[in-house]
Amino acid sequence: MSLKLKALTKSIWVYHLCAGGSCNNCDIEILDLLTPRYDVERFGIMLVGSIKHADAILVTGSLTRKAVECVKRVYEQAAKPCVVIAIGACACGQGMFANGPNTPDPVDSVLPVDIYIPGCPPKPEAMILGIVKLIGKLRGKK
Amino acid sequence: MEEVSPVKIMLKHLFNFIIFPGFLFTAVVGLAASWIDRKVTARVQWRVGPPWYQPFIDLVKLSIKEITVPKGASKPVFFMAPFIGLSAVILSSTFLWLANLELGASGFTGDLIVILYLLTIPSIMLILGASASGNPLAAVGASREIKLLLAYELPFVFALVVPIIKSNGLLKLQDLIAFQAANGAFASNISGFLAMIVAIFCMQAKLGLVPFDMAEAETEIMAGVYIEYSGILLAILKLTKIMAMVALPLFLSTVFWGGFSIWKYVVLLVIIILMRNTNPRVRIDQALRFFWKKMTFVAIIAVLLAMIGM
Ligand code: SF4
């Protein structure tokens, strides 16, 4: 494995993007990953505050009408290569808001989602499994 | 004795600057220190922590990522600032290492003052780069960094006056080390000890670590001064910070504590890490009050004590 690929997959800085219509439970569940029980910093995964530093965008919640433009702009500003991870039933499909008048677009109609992690909310173990699969996919590609 | 050709001297200086003990060596030591910092922090929080190569691989990753430039940014300043900051910190660490390792008669009268200035340049460049990016949160961060700079420079300069008074006006690092070797470290006197405590607090603020990290406050202004930087520019800013984590303890142990040794560096590093892990972030006005009232007061007492020879 080249150093480049290793560096990209061993040091994933994630930016947490709430796409508007989230019940906040997925967001809290993401923070669980940083607690001593799961401690994803072991794998070099850190939560960053600025989209410019991010290697992965975690999208939670169903995309509201107003948030579409913002989400697009956030993705455009990210420094590539950058992967998009949809977390939770809301972000994967549209969850319970599928027929909602304010949430017309699914997340993957706006962003190129690389991996879907379903669940309402997904357990931290499921998220870690998702990231592991994503890393496998990235490494297998090259 | 043969005459040494100027080319050779230049090559030696370049070697000193780029490989040992300048850029590469300091960067390696700094990466190790930064890993220790992260690992100890993780252990304090009952976590496992990152593997030993993590700081290095973070830098590699950053340097292969895209560089994004915000639309309204002033490009020359935005691009230049990280490089100037890095070269300042390389230069100061080269001076400090050379003075400590006694590789030939390096240094000149007054290099203490030059290093004081050089160590300020990374902060100033950070302020310039952040302001050039045109981001409002970066502007908030830059304004906090300016206030912090004004806050800690005053007691820091006062603290540095103490060794100068005690050594009857020596301004050269190697002379200071030689003087301390003959007469005992300044930190063993009460005035030098007080000055060193002040300098340790200033060092924490210069490094921008908790409790004085309000300029980059991840949780409130989203990395503040760093917010618009990405790719290799961010890598350089991080590297500057990592190398300052070597240069500043080195400076303190040179000036107050009789020169570098590994255990002194470890003690100072442990103080930095403990302070960082046991404190919350203070507000900028609290920091200003802390430095201008308490620390400056202590530093002035130290200067007075030094004048009466204690
Ligand atoms: S998937 Fe479930 S837990 Fe997550 S934001 Fe949607 S409703 Fe909330």
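The values are calculated or read from the model by the stated rules, or taken from the named source; none is laboratory data. Note that the structure is a prediction, hence the values are computed from the model and not measured. Note: ideal-geometry Cβ built from the backbone for every residue, glycine included; neighbour counts use all protein chains shown.
Annotations for the structure displayed:
- Test: residue in segment A:38-57 that is within 16 Å of the ligand (Cβ to nearest atom) and either under 20 Å from residue A:126 (Cβ atoms) or at pLDDT 85 or above (or both): yes
- Residues located in segment B:41-52, provided they are farther than 25 Å from residue A:51 by Cβ, within 8 Å of chain A (Cβ to nearest Cβ) and part of a loop (DSSP other than H, G, I, E, B): B:45, B:46, B:47, B:48, B:49, B:51
- Test for residue A:89: is it within 16 Å of the ligand (Cβ to nearest atom), away from every other protein chain (no Cβ under 14 Å) and out of contact with any Gly (no Cβ under 9 Å at 6 or more places or on another chain): no
For every residue, the table says whether it meets (1) modelled with pLDDT under 85; (2) under 17 Å from the mean Cα position of the chain (by Cα); (3) closer than 14 Å to residue B:85 by Cα.
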site	(1), (2), (3)
B:215	yes, yes, no
B:220	yes, no, no
B:224	yes, no, no
B:227	yes, no, no
B:237	no, yes, yes
B:250	no, yes, no
B:265	no, yes, no
B:268	no, yes, no
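Okay, residues lined up against (1) over 27 Å from residue B:298 (Cα atoms); (2) surrounded by 21 or more Cβ atoms within 10 Å (Cβ to Cβ); (3) touching a strand residue (DSSP E or B) at 6+ places or on another chain (Cβ under 6 Å):
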| site | (1), (2), (3) |
| --- | --- |
| B:119 | no, yes, no |
| B:128 | yes, no, no |
| B:136 | yes, no, no |
| B:143 | no, no, no |
| B:146 | no, no, no |
| B:150 | no, no, no |
| B:156 | no, yes, no |
| B:159 | no, yes, no |
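- Single match in B:186, B:156, B:193, B:201 (criterion: farther than 15 Å from residue B:251 by Cβ and away from chain A (no Cβ under 14 Å)): B:193
- Residue within segment B:212-220 that is acidic (Asp, Glu), within 14 Å of chain A (Cβ to nearest Cβ) and either touching a Pro at 6+ places or on another chain (Cβ under 6 Å) or over 27 Å from residue A:50 (Cα atoms) (or both) present: no
- Selection from segment A:12-33 of residues that are within 9 Å of chain B (Cβ to nearest Cβ) and at pLDDT below 85: none
- From B:222, B:196, B:245, residue being in contact with a Leu (Cβ under 8 Å, 6 or more places away or on another chain) and at positive phi: B:222
- Test result for residue A:89, farther than 16 Å from residue B:65 by Cα and modelled with pLDDT of 85 or more: yes
- For residue B:31, the conditions (1) in contact with a helix residue (DSSP H, G or I) (Cβ under 6 Å, 6 or more places away or on another chain); (2) under 15 Å from residue A:41 (Cα atoms) are fulfilled apart from (2).
- Meets criteria (under 28 Å from residue B:237 (Cα atoms) and within 16 Å of the ligand (Cβ to nearest atom)) for residue A:34: no
- Residue in segment A:39-58 that is farther than 27 Å from residue B:66 by Cα and touching a strand residue (DSSP E or B) at 6+ places or on another chain (Cβ under 7 Å) present: no
- Taking the numbered list (1) among the hydrophobic types (A, V, I, L, M, F, W, C); (2) modelled with pLDDT of 85 or more; (3) part of a loop (DSSP other than H, G, I, E, B) in turn, residue B:127 passes all entries but (3).
- Qualifying helices (runs of 4 or more DSSP H) (wholly inside segment A:1-102; at least 2 residues being among the small types (Gly, Ala, Ser)): A:88-92
- Taking every residue in segment B:61-72 that is more than 7 Å from every other protein chain (Cβ to nearest Cβ) and pairing it with any residue that is surrounded by fewer than 18 Cβ atoms within 10 Å (Cβ to Cβ), at least 6 positions away or on another chain, the pairs with Cβ-Cβ distances below 6 Å are B:63/B:232; B:70/B:134; B:72/B:134.
- Members of segment B:18-35 that are buried (at least 19 other Cβ atoms within 10 Å of the Cβ) and in a helix (DSSP H, G or I): B:23, B:26, B:27, B:29, B:30, B:31, B:33, B:34, B:35
- Residue satisfying all of: in segment A:58-71; closer than 21 Å to residue A:120 by Cβ and either within 14 Å of chain B (Cβ to nearest Cβ) or not β-branched (Val, Ile, Thr) (or both); surrounded by the fewest Cβ atoms within 10 Å (Cβ to Cβ) among these: A:67
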